[in-house]
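See structure below.
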Amino acid sequence: MNQVAGADRTALSTNGPQALRYRVKGMDCPTCAGKIETAVSRLPGVAEVRVNYGSQVLDLALDEASTPRTELEGRIERLGYGVAPLPTAADLAMAQASGGAPPAGTEEPEPPLWRSRKALLGILISALFAAGFLVERIAPGLAGEYAYWPGALVGLAYYGRRAAVAAFAGTPFSIEMLMSVATAGALAIHAAEEAAIVVLLFTIGEMLEVVAAGRARAGIKALAALVPKTARLVDEADGTIREVAAASLAIGQVVVVRPGDRVPADGVITDGASSLDESPITGESVPKPKEVGDPVYAGSVNADGALQVRVTKTAADNTVARILHLVEEAQASKSPTARFIDRFSAVYTPIAFVFAAAVAVVPPLLGADWGTWIYRGLALLLIACPCALVLSTPAAIASGLAAGARRGLLVKGGAALEVIGRVRTVAFDKTGTLTAGRPRVSDILVFAPDASERSLLGLAAAVESGSSHPIARAILDRASADGVPLRPTRDARAIPGKAVQATVMGQTVLVASPRHAAESTRLGPEAERAVADLEAHGKTVVIVVRGAEALGAIAVRDEPRADAAAGISALRKLGVRSVMLTGDNRRTGEAVASELGLDVKAELLPQDKLAEIAALKAAAPVAMVGDGINDAPALAAASVGIAMGGGTDAALETADAAVLNDRVGDVAALVSLSRATLGNIRQNVAIALGLKAVFLVTTIAGITGLWPAILADTGATVLVTANALRLLRA
């Protein structure tokens, strides 16, 4: 840890609990995480323990007056894990406030797999087993079964020590304990060859677990590596450009992004235009054109034009950092299924231990052979290991979360991921969710013979040039797109809720609602029918009046997103009903809903949306999709809330999931991902319990023995992990 952070922690150590964060190397499964959590939680002065095996991170609060930090770290190391301090959120905030780069911690890079402790142990045991095999085959009378003792004893010493430490720390029924008892028992009944095979297969299984866990983490690590380490900062004093650490950028600073460079921070373009490849962040494969005023994400690739970008988010708060934080938080939180399996395993393992002991002792007491039944009891100990069962759910959840993050689907926890797949109704907000949230000119109708679409648009744009009303912005955008110049105006004034008026080229021009325009002029029957037809299709119409003559009408509408209809259709194919909840008027709501093919509840206040969500939720799990501050209560009240990525921070913070691409179709993708994850969990549980059931029968019947039992446990763990990793390709 850097000196600033270290000094800060030293100062805080006498002032009660302080937050600590560690990287725990070798923590590759939920069983490991459980042992560490139990061991650490039993120490005095330790609170708020959170263990995330997916990211190998341990968070806790420690009062060093009760337990020194060295004792905490020593306990973790005695369990057989490496431990390295990481910067906490407070460290990052303090570094950012001081204008320095975030502290990097004292973590050393991971060694290659073949140099890891488990790999070296596996190589040693393999060599000893091979030597024992050769000695027994070449000179059977020289050592006999004792030729296999060295390999078995090395494994027993390593895992037995870990089992003893875990038992002392509060986990007596660890997999190491079960394996050590089985190995020692096998040696005691002169089954040394099988004892050596047991420790060898167990070590190989541990190595495969490391490989699988590493693959699951690789996608998230790759995301973290997207943000460049350096940035080209523009000096505000003299305009010179210098290279600085990207992590040190502050809000308001301006950086230059050359073609081919990655954007070093979230920001807004202040100069230049280009296309940016945002696929690593949002999953969108097509580069997006960007110009002055458009937002950009850290980690996206600048394709063809030089840009100047004003930083809007610090390194700790940019899009990539938030994605990583959300995924880490999600992996740390257990789903309902995972919590149930944890509770089940806590009861199941001791019962299985007692059952194995009964199998070893009861038949001999009734006259059966002691050696045979002790052997079978030892095999049952290995079958009783709950590793594959405990791993079945979190492995699938972690892979599902990672697969979603890679395509811009963020879920804040296993619980939310499970619920999404069970929803039967999805409630959508309209503006900014099903629609783009920005009205556009959809129709221009000319009534007067001496007018044209271009002249009508020019007059309306001139009158609206000083207004920030959404209708005014739509008209001005259309005029700009069509190359219509703005004429000078004077005496401009607004009539709230009715019209805008100005003098253009010596004539009074009014842009008004149809109702207010009727006070100044008269529309013919044909024009009235045309206006009524536009309004029936959910469009807002304004009439352009010059003097006392109605020149024509301009219609604007917040158009549905390009993929909205397809997204609703995709949900329908999944058996999910869609309903739109909007505060807009009924006519507009019904027009949009009819076009997209979903039900609608219109003219709803925020509290009305809550009531509708409650009614839907009473029948079945319901998801709410929104983007605005007014949607936050409904997002929180739904079984699961889903925020559009371009929405407000309030919506994103309240929601349980987010779709970064702003695509309606991604809601159906979330449901599909969740259902695939739930299916994967069911498959994993079936694999774990199915193999145990088969080998339970074959072991009691004397068909299989020790090494098939450990192979069944290791095989189940590998199969469960491999099956979960299939979700990464979803």
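Here are Leu598, Leu616, Leu571: which of them is in contact with a strand residue (DSSP E or B) (Cβ under 8 Å, 6 or more places away or on another chain), farther than 23 Å from Asp656 by Cα and modelled with pLDDT of 90 or more?
Matching residue, one of Leu598, Leu616, Leu571: Leu598.
Name the pairs: first residue in the stretch 414-426 and within 19 Å of Ser392 (Cβ to Cβ), second residue among the polar types (S, T, N, Q) and surrounded by fewer than 22 Cβ atoms within 10 Å (Cβ to Cβ), Cβ to Cβ under 7 Å, at least 6 apart or on different chains?
Going by the 7 Å Cβ cut-off, the qualifying pairs are Gly414/Ser333; Ala415/Ser333; Glu418/Thr337; Val419/Ser639.
Out of (1) surrounded by 18 or more Cβ atoms within 10 Å (Cβ to Cβ); (2) at pLDDT 80 or above, the odd one out for Thr230 is which?
Every listed condition holds for Thr230 apart from (1).
Hey, among the residues in the stretch 466-514 that are part of a strand (DSSP E or B) and loosely packed, with under 15 Cβ neighbours inside 10 Å, which one's modelled with the lowest pLDDT?
Ile495
Give the number of residues within the stretch 38-63 that are farther than 24 Å from Val210 by Cα and touching a strand residue (DSSP E or B) at 6+ places or on another chain (Cβ under 9 Å).
10
Residues are listed down the side, and each one gets a yes or a no for (1) closer than 30 Å to Glu73 by Cβ; (2) in the same structural domain as Gly54 (by TED's automatic domain parsing); (3) of a type in the set (Ser, Thr, Tyr); (4) touching a Ser or Thr at 6+ places or on another chain (Cβ under 9 Å):
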residue: Gly155; (1), (2), (3), (4): yes, no, no, yes
residue: Gly170; (1), (2), (3), (4): yes, no, no, yes
residue: Glu176; (1), (2), (3), (4): yes, no, no, no
residue: Met179; (1), (2), (3), (4): yes, no, no, no
residue: Ala195; (1), (2), (3), (4): no, no, no, yes
residue: Val198; (1), (2), (3), (4): no, no, no, yes
residue: Thr203; (1), (2), (3), (4): yes, no, yes, yes
residue: Val210; (1), (2), (3), (4): yes, no, no, yes
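From Asp662, Asp666, which residue is modelled with pLDDT of 90 or more, of a type outside the set (A, V, I, L, M) and touching a strand residue (DSSP E or B) at 6+ places or on another chain (Cβ under 6 Å)?
Being modelled with pLDDT of 90 or more, of a type outside the set (A, V, I, L, M) and touching a strand residue (DSSP E or B) at 6+ places or on another chain (Cβ under 6 Å) holds for just one of Asp662, Asp666, which is Asp666.
Residues being modelled with pLDDT under 85 and of a type in the set (D, E, K, R): count how many of those fall in the stretch 155-178.
Here the count works out to 1.
Which of the residues spanning the stretch 42-82 are within 20 Å of Lys118 (Cβ to Cβ) and assigned to a loop (DSSP other than H, G, I, E, B)?
Matches in the stretch 42-82: Tyr53, Gly54, Ser55, Gln56, Leu79, Gly80, Tyr81.
Could you tell me how many of the residues in the stretch 593-612 are under 31 Å from the mean Cα position of the chain (by Cα) and under 15 Å from Ala565 (Cβ atoms)?
So the count comes out to 6.
Which of the residues belonging to the stretch 533-545 are buried (at least 21 other Cβ atoms within 10 Å of the Cβ), in contact (Cβ under 8 Å) with a residue 60 or more places away in the chain and in a strand (DSSP E or B)?
Once the filter is applied, which keeps residues that are buried (at least 21 other Cβ atoms within 10 Å of the Cβ), in contact (Cβ under 8 Å) with a residue 60 or more places away in the chain and in a strand (DSSP E or B), the stretch 533-545 yields Val542, Val544.
The values are calculated or read from the model by the stated rules, or taken from the named source; none is laboratory data. This structure is a prediction, so every number in the text was calculated from the model and none was measured. For neighbour counting, all protein chains shown are included, and Cβ atoms are generated from backbone atoms with ideal geometry for every residue, glycine included.
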